[in-house]
Every structure is written in C-alpha cells, then in structure tokens.
C-alpha cells in the first residue's frame with residue numbers, strides 16, 4: 001500500500017506545522033485535525049493512507065481516537081502511528097493495544113519517521 005495522504009492529529013498548531021513541513025518535503029499530501037474527535041471524523045471522511053496521532057489532547061485523547069479508528073469498519077484498514085511525548089513503556093504497550101501500528105516519541109526524527117512511513121508501502 002503506497003502512502004500518499006497523511007492525517008496529522010495534534011492539538012498543537014506548532015506540532016502540526018512542523019510535521020506537515022517535513023511530510024510535504026518528503027512528497028506526502030497532508031491534512032490535519034486539532035482534536036481526537038475531529039481526527040476520527042476526518043479519517044472517516046477523507047480516508048487517509050496513514051494517521052499520525054498525538055496522545056495528550058483535550059476531549060478524546062489519542063489512545064481513544066486510535067481505538068475508534070482501528071475498530072471502526074470504515075477506517076480499520078488505515079494504519080495509525082502514535083506520535084507523542086509520552087515515552088513510558090506502559091504508554092507504548094497501551095498504544096499498541098489500541099491498534100496503533102507504531103509508536104514514535106517526540107521530538108520526531110524526520111529520517112526515522114519517513115523511513116517508517118515508506119516501510120508501510
């Protein structure tokens with residue numbers, strides 16, 4: 001599966017802009033959402049090839065949004081990479097249990113992120 005369109009879900013405008021910049025530079029189309037709720041809704045509507053999901057957000061957090069995306073019939077085929085500052089092993093295990101395909105710790109290493117995305121294809 002080739003990854004072309006990536007949905008970035010993060011409540012930080014700075015983080016969304018940073019991720020969009022490095023992804024666009026690598027040749028990906030980027031859409032974003034500023035909350036877990038918006039991320040789930042946009043994943044259903046836009047059908048991206050990948051979701052990069054922050055965890056710490058008001059309302060629906062990234063773990064809950066990941067679970068919603070990976071268990072819904074219309075979006076369960078979309079891989080989710082959790083992308084967060086939460087670096088504890090228990091967080092990683094919990095994120096993977098919610099259906100995430102990968103767990104990336106911020107600050108993001110651009111070469112590592114791009115390599116992981118390309119490995120999906």
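Taken together, the residues in segment 91-119 that are assigned to a loop (DSSP other than H, G, I, E, B), free of Cβ contacts under 8 Å to residues at least 40 places away in the same chain and buried (at least 19 other Cβ atoms within 10 Å of the Cβ) amount to 1. Taken residue by residue, segment 71-90 has no member that is in a helix (DSSP H, G or I), under 14 Å from the mean Cα position of the chain (by Cα) and without any contact (Cβ under 8 Å) to a residue 60 or more places away in the chain.
Do you know which residues across segment 8-19 are in a loop (DSSP other than H, G, I, E, B) and more than 23 Å from residue 120 (Cα to Cα)? Break it down into steps so the answer makes sense when it comes.
To start, the set of residues in segment 8-19 that are in a loop (DSSP other than H, G, I, E, B) comprises 10-12.
Listed by number, the residues that qualify are 11, 12.
Yes/no per residue for (1) within 12 Å of the chain's Cα centre (by Cα); (2) outside any helix (DSSP H, G or I); (3) loosely packed, with under 14 Cβ neighbours inside 10 Å; (4) without any contact (Cβ under 8 Å) to a residue 12 or more places away in the chain:
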residue: 6; (1), (2), (3), (4): yes, yes, no, no
residue: 21; (1), (2), (3), (4): no, no, yes, yes
residue: 32; (1), (2), (3), (4): yes, yes, no, no
residue: 37; (1), (2), (3), (4): no, no, no, no
residue: 52; (1), (2), (3), (4): yes, yes, no, no
residue: 55; (1), (2), (3), (4): yes, yes, no, no
residue: 66; (1), (2), (3), (4): yes, no, no, no
residue: 69; (1), (2), (3), (4): yes, no, no, no
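Looking at 116, 101, just one residue is modelled with pLDDT of 95 or more, out of contact with any helix residue (DSSP H, G or I) (no Cβ under 9 Å at 6 or more places or on another chain) and within 24 Å of residue 24 (Cα to Cα), and that residue is 116. Taking the conditions (1) within 13 Å of the chain's Cα centre (by Cα); (2) within 20 Å of residue 104 (Cβ to Cβ) in turn, residue 27 satisfies each one other than (1). Only one entry of 49, 54 meets the criterion of being in contact with a strand residue (DSSP E or B) (Cβ under 9 Å, 6 or more places away or on another chain) and within 17 Å of residue 106 (Cα to Cα), and that entry is 54.
The values are calculated or read from the model by the stated rules, or taken from the named source; none is laboratory data. Just so it is clear, the structure is predicted and the values come from calculations on it, not from any experiment. Cβ sites come from the backbone with ideal geometry, for glycine too, and all protein chains shown count toward neighbours.
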